[in-house]
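Read through the structure below, which is laid out as structure tokens, and then see the notes.
The values are calculated or read from the model by the stated rules, or taken from the named source; none is laboratory data. Just so it is clear, the model here is predicted, and its values are computed rather than measured. Note that each Cβ is placed from the backbone with ideal geometry, even for glycine, and that neighbours are counted across all protein chains shown.
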Amino acid sequence: MKISIQGLEDERFYRQLQLIANLFFEESQIFSMQAEADLLIKFHLHVEETVQVSAELVDNVEKTYRAEYQKELVPSDSEKEFFKQIKNAVSHVYLTVLQDWTGIKQKWGILTGVRPTKLLHRKVQEGIPTEIAHQQLKDDYLITDEKILLMQQIVDRQLTVVPDLYTLQKEVSIYIGIPFCPTKCAYCTFPAYAINGRQGSVDSFLGGLHYEMRKIGSWLKEKGIRITTVYYGGGTPTSITAEEMDMLYDEMYTSFPDVENIREITVEAGRPDTITPEKLVVLKKWNIDRISINPQSYTQETLKAIGRHHTVSETIDKFHLARSMGMNNINMDLIIGLPGEGTTEFKHSLAETEKLMPESLTVHTLSFKRASEMTKNKEKYKVADRGEVEKMMELAKDWTVSHGYVPYYLYRQKNILGNLENVGYSLPNQESIYNIMIMEEQQTIIGLGCGAASKFIDPDSGKITHFANPKDPKTYNESFEAYTEDKIKILDELFT
Ligand code: SF4
């Protein structure tokens, strides 16, 4: 779809207009000339104390759709924040004419960001009464009642699980990235390297990781800063050996402050083919609270198609094994819209989940990330259409309600099928606190290891600084000392 835009001089509008167009069309192109466009959208924008904007969409059979909007502007010290209000107003009319033309209703309205619940948290923190906050979300962002209700449910749940969520800025959480997996899945863009034949690289990587844990741990001890949660992700943190895991957790207990009082330690054991009785003994020994065993789908052909070299029965067996060895908080991930899957396969996955009843179930919607094998060879993978994806999402919602699960976090991604979301459901009081921390951005998360992204949040201003460790083990091994120093410098400035 080629969309020609008129009447908007400022280049800064264009990225948002492109993101919104992507919600409607598989391929779209936005430009500011009239030649050869499928759609022409003319804007009239007037900014004073209020922003007044209108949009007129003309298609190639000369059919016309119009929308108007006006909103009082709130003065702001930040030019960026001020401009955002104008951008939102422009998005408002743009979305409206596109919705009218396509007949597609965008349930998240003009929102294109990853963390919609943050918006509602901000309103709660500002003391805005619930009804008014909901009305604002509807009027300003065109979010539907259904999604506002979901946001409210999640915010309420998060504040029940972490009542001090808004005052945890003086603590930190830790993310530890282990970049190895048995094989690489087709949709994956995580730092994940097939582990076989790489022992040399694993050894050097773990050497670097132990170093980072010691340095950051001693900084935290020196400053008297507590750790709220620790999360081992990757890759697959259980793809290393039981002895290597044992040494790593030993390091955590030695180097990190007050580990006994960390609220939650999670280890993703995502790939069932990495789980062994020896590794479960190690997880238990070090009191790991929560693990993830991820089926993604219970249809064997699907697993094969996406490059996960394990069987469905292996997932089920490893779940039972983990349970029998005392793991009592297990998360399982399902993905909606995997290649070749529709409602039949998804219903089957839910029926299998019912037999296991994990403490939490995270339902992802497939996203075509730019760097994945699947996106590079899109024509090879047949995926469900928008309507079917929505149906599967509904099935997940109904299933979780009828089985006693509650939604407790959500995030959206770009290029997600049907413009839907990923939702974490949990049996009450089994929610992952780390997931809440990472989504709501209320405290600093220090990333250690390969591909680990740190997010430093100024405890006073809330300003966020991102910092990424290198993704590939080779670069990490050559530079982990410098990266650790850089992080400590940033931490020194934030926590004086
Ligand atoms: S198991 Fe997870 S991290 Fe590993 S390759 Fe598959 S999707 Fe990527």
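Out of segment 224-274, which residues are touching a Pro at 6+ places or on another chain (Cβ under 9 Å) and of a type in the set (Lys, Arg)?
If the condition is that a residue be touching a Pro at 6+ places or on another chain (Cβ under 9 Å) and of a type in the set (Lys, Arg), then Arg226, Arg271 are the ones that fit.
Would you please list the contacts, defined by Cβ atoms under 8 Å and residues six or more apart or on different chains, that run from a residue in segment 177-199 that is in the same structural domain as Tyr232 (by TED's automatic domain parsing) to a residue that is within 9 Å of the ligand (Cβ to nearest atom) and basic (Lys, Arg)?
Hits for this filter: Cys181/Arg271; Pro182/Arg271; Thr183/Arg308; Cys185/Arg308; Ala192/Lys184; Tyr193/Lys184; Ala194/Lys184.
Can you confirm whether Glu212 is touching a helix residue (DSSP H, G or I) at 6+ places or on another chain (Cβ under 6 Å), acidic (Asp, Glu) and surrounded by 20 or more Cβ atoms within 10 Å (Cβ to Cβ)? Write out each step before concluding.
Values: touching a helix residue (DSSP H, G or I) at 6+ places or on another chain (Cβ under 6 Å): yes; acidic (Asp, Glu): yes; surrounded by 20 or more Cβ atoms within 10 Å (Cβ to Cβ): yes.
Yes, satisfied.
Among Ile433, Ile490, which is the only one that is surrounded by 15 or more Cβ atoms within 10 Å (Cβ to Cβ) and more than 30 Å from Leu350 (Cα to Cα)?
Every option except Ile490 fails the conditions.
Taking the condition surrounded by 13 or more Cβ atoms within 10 Å (Cβ to Cβ) and under 30 Å from the mean Cα position of the chain (by Cα), does Gln52 pass?
For Gln52, the condition - surrounded by 13 or more Cβ atoms within 10 Å (Cβ to Cβ) and under 30 Å from the mean Cα position of the chain (by Cα) - is not met.
When residues of segment 233-279 are filtered for being within 16 Å of the ligand (Cβ to nearest atom), of a type in the set (Asp, Glu) and not in a strand (DSSP E or B), how many remain?
So the count comes out to 1.
Could you say whether any residue in segment 305-328 is over 30 Å from Arg226 (Cβ atoms), in contact with a Gly (Cβ under 8 Å, 6 or more places away or on another chain) and outside any loop (DSSP other than H, G, I, E, B)?
Looking for residues that are over 30 Å from Arg226 (Cβ atoms), in contact with a Gly (Cβ under 8 Å, 6 or more places away or on another chain) and outside any loop (DSSP other than H, G, I, E, B), one finds at least one in segment 305-328, hence yes.
Which one of these is within 20 Å of Lys487 (Cβ to Cβ) and either more than 14 Å from the ligand (Cβ to nearest atom) or surrounded by fewer than 21 Cβ atoms within 10 Å (Cβ to Cβ) (or both): Val202, Val230, Val282?
On inspection, the qualifying residue turns out to be Val230.
Of all residues in segment 401-445, how many are assigned to a helix (DSSP H, G or I) and more than 11 Å from the chain's Cα centre (by Cα)? Give the steps one after another, and end with the answer.
Quick first cut of segment 401-445, residues assigned to a helix (DSSP H, G or I) only: 401-402, 417-419, 433-440.
With more than 11 Å from the chain's Cα centre (by Cα) added as a condition, the list becomes 401-402, 417-419, 433-434, 437.
Here the count works out to 8.
Consider segment 190-199. How many of its residues are near the ligand (Cβ under 8 Å from one of its atoms) and in contact with a Ser or Thr (Cβ under 8 Å, 6 or more places away or on another chain)?
Final tally of qualifying residues: 1.
Give the number of residues within segment 304-339 that are away from the ligand (no atom under 13 Å from the Cβ), closer than 29 Å to Ala384 by Cα, surrounded by fewer than 16 Cβ atoms within 10 Å (Cβ to Cβ) and not polar (S, T, N, Q).
Residues meeting the conditions: 1.
Please determine, by comparing only the residues of segment 1-22 that are out of contact with any Phe, Trp or Tyr (no Cβ under 8 Å at 6 or more places or on another chain) and within 18 Å of Gly113 (Cα to Cα), which one is surrounded by the fewest Cβ atoms within 10 Å (Cβ to Cβ).
Residue satisfying both the conditions and the ranking: Arg15.
Please verify whether segment 158-176 includes one or more residues that are at pLDDT 95 or above, within 16 Å of the ligand (Cβ to nearest atom), within 22 Å of the chain's Cα centre (by Cα) and crowded, with 20+ Cβ neighbours inside 10 Å.
For segment 158-176, residues at pLDDT 95 or above, within 16 Å of the ligand (Cβ to nearest atom), within 22 Å of the chain's Cα centre (by Cα) and crowded, with 20+ Cβ neighbours inside 10 Å: present.
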